[in-house]
Structure formats: structure tokens, C-alpha cells
1. Of the residues that sit in segment 101-120 and are outside any helix (DSSP H, G or I) and hydrophobic (A, V, I, L, M, F, W, C), which one is modelled with the lowest pLDDT?
2. Pick from 85, 98: which is of a type in the set (Val, Ile, Thr) and part of a helix (DSSP H, G or I)?
3. Would you check which residues across segment 161-173 are open to solvent by 10 Å² or more (accessible area, probe 1.4 Å) and either out of contact with any helix residue (DSSP H, G or I) (no Cβ under 9 Å at 6 or more places or on another chain) or in a helix (DSSP H, G or I) (or both) and list them?
4. If you go through segment 32-52 one residue at a time, do you hit one that is closer than 21 Å to residue 81 by Cβ, within 11 Å of the chain's Cα centre (by Cα) and outside any helix (DSSP H, G or I)?
5. Can you pull out the residues in segment 90-104 that are within 12 Å of residue 49 (Cβ to Cβ) and either open to solvent by less than 60 Å² (accessible area, probe 1.4 Å) or basic (Lys, Arg) (or both)?
6. Looking at segment 139-160 only, could you name the residues that are under 23 Å from residue 63 (Cα atoms), without any contact (Cβ under 8 Å) to a residue 24 or more places away in the chain and either open to solvent by less than 60 Å² (accessible area, probe 1.4 Å) or touching a Ser or Thr at 6+ places or on another chain (Cβ under 8 Å) (or both)?
7. Name the one entry in 23, 51 that is modelled with pLDDT of 95 or more and among the small types (Gly, Ala, Ser).
Amino acid sequence: GVLFLAGIFWGSYECHMPQVAWGAVVGAAASVLGGYIMGEKPSDGAAGLWGFNGVLVGCAFPTFLANTWLMWACLVFCSLFSTWVRRAFNNVMAPWKVNSLTFPFVLMTWLFLLSARELPGIAPAALSAPELTIGAVAGHLDVSFGSLVIFWLKGIAQVFLIDSWVTGVFFLVGLALCS
């Protein structure tokens, strides 16, 4: 978890979007609070299952929404509620032994982002077009081994909406240490 958080901070600051890193922290705190309020199994909390979806919500909201107090309030609410959605989905799907995984994050984020256009005080973030910094020479894509490794590492980091190959390294090391 610490390596994932370090990777999120590295990539967020590298991309000049520190609010994404802080959103991950706030989302984790809110969703863990939701787990405590609901009296969820402590073993799930210790395994990071309470906070995982909240971190994802915390990365998504500042990525796609303007940095306002209302966005932060909604981030807290949706992150907290993601723990409850997790419990509900797990209960419904228990007969088939299906776990919610990231479904609470996807549901909460999509529902909120789709409705945010109609909410006063919620505006989309000013996103710039992505830049191809590796291999973009006159429309030609560099498929050398080094470039492919960087693309692959960025793909791993983008699970948390971070565009940094260094973040991908942090995530891989964290996964390797815990597997």
C-alpha cells in the first residue's frame, strides 16, 4: 500500500496534478471510515479491501473534475459510499462466489461523472490533450524494446489514472513484495 501511494504521489506530481495524490489519500481515509461505520470484517480492512475503491474514486474525481470544495465533498461521500456498495454487491453475488473487485469504484465514479454536468458548482477539469513523448517522430511510433517497456509500465500505472512509467515500477515492486 505504501509503495502504491508513493507511486501515485510520484506520478501525480510528475504530471503536475498533485490534487490526484491528495484525492487518493482522502478517498482512502473516507472509505476506511465507511468500513468502520458499517462494522465490516476487520480482516477485509487489514487486507486493504475497504480502502481500495476509495483510492480509485479519489484518483478519478480530481482527474476529471475541477478542483473545488464541492468536488472534494463529493469525493468524500462517494469514497465512503463505495465501501457500502462493495458490501451490497458482495452480498448479492455471494451465491455465485463473485467478488465486487473494482465494481464499487466504477459504479460510483460513472454515476457521479455522468450526473456532474447537471450539478451546479461541479465543472469538468481542464484536461490537455495527451502528449506522445516517446517515439513520436513525424507520426511514427517507436516500437523499440525500451519504448515498449515504458509504454507497458505506463499502462500499469494508468489503472490509477496516472501517466508515469515510474509509478508503474512502484506498483510492480509493491505487487511483487505482497505476492
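1. Residues of segment 101-120 outside any helix (DSSP H, G or I): 101-102, 117-120.
Checking the rest, the ones that are also hydrophobic (A, V, I, L, M, F, W, C) come to 101, 119.
Details: 101: 91, 119: 84.
Out of the qualifying residues, it is 119.
2. Details: 98 fails: part of a helix (DSSP H, G or I).
Exactly one of 85, 98 is of a type in the set (Val, Ile, Thr) and part of a helix (DSSP H, G or I), namely 85.
3. Filtering segment 161-173 for residues open to solvent by 10 Å² or more (accessible area, probe 1.4 Å) gives 161, 163, 165-166, 169-170, 172-173.
Passing the criteria: 165, 166, 169, 170, 172, 173.
4. Kept after step one, since they are closer than 21 Å to residue 81 by Cβ, are these residues of segment 32-52: 32-42, 44-45, 47-52.
Restricting the remaining residues to those that are within 11 Å of the chain's Cα centre (by Cα) gives 51-52.
Now restrict to residues that are outside any helix (DSSP H, G or I): 51.
The answer is yes; a qualifying residue exists.
5. Within segment 90-104, the subset within 12 Å of residue 49 (Cβ to Cβ) is 90, 99-102, 104.
90, 100, 102, 104, listed by residue number.
6. The initial filter retains those residues of segment 139-160 that are under 23 Å from residue 63 (Cα atoms), namely 150-160.
Of the ones still in play, those that are also without any contact (Cβ under 8 Å) to a residue 24 or more places away in the chain are 150-156, 158-159.
Scanning segment 139-160 gives 150, 153, 154, 155, 156.
7. Working: 51 fails: modelled with pLDDT of 95 or more.
Result of the check over 23, 51: 23.
To keep it simple, each residue is scored yes or no on (1) among the β-branched types (Val, Ile, Thr); (2) over 17 Å from residue 163 (Cβ atoms); (3) surrounded by fewer than 18 Cβ atoms within 10 Å (Cβ to Cβ).
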| residue | (1), (2), (3) |
| --- | --- |
| 6 | no, no, yes |
| 13 | no, no, yes |
| 20 | yes, no, no |
| 36 | no, yes, yes |
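The values are calculated or read from the model by the stated rules, or taken from the named source; none is laboratory data. Quantities reported herein were computed from a predicted structural model and do not represent experimental measurements. Every residue, glycine as well, gets a Cβ built from its backbone with ideal geometry; the counts of neighbours run over all protein chains shown. Please note that ligands, DNA and RNA were not included when accessible areas were found on the heavy atoms of the full protein model with its side chains. Shrake-Rupley method; radii C 1.70, N 1.55, O 1.52, S 1.80 Å.
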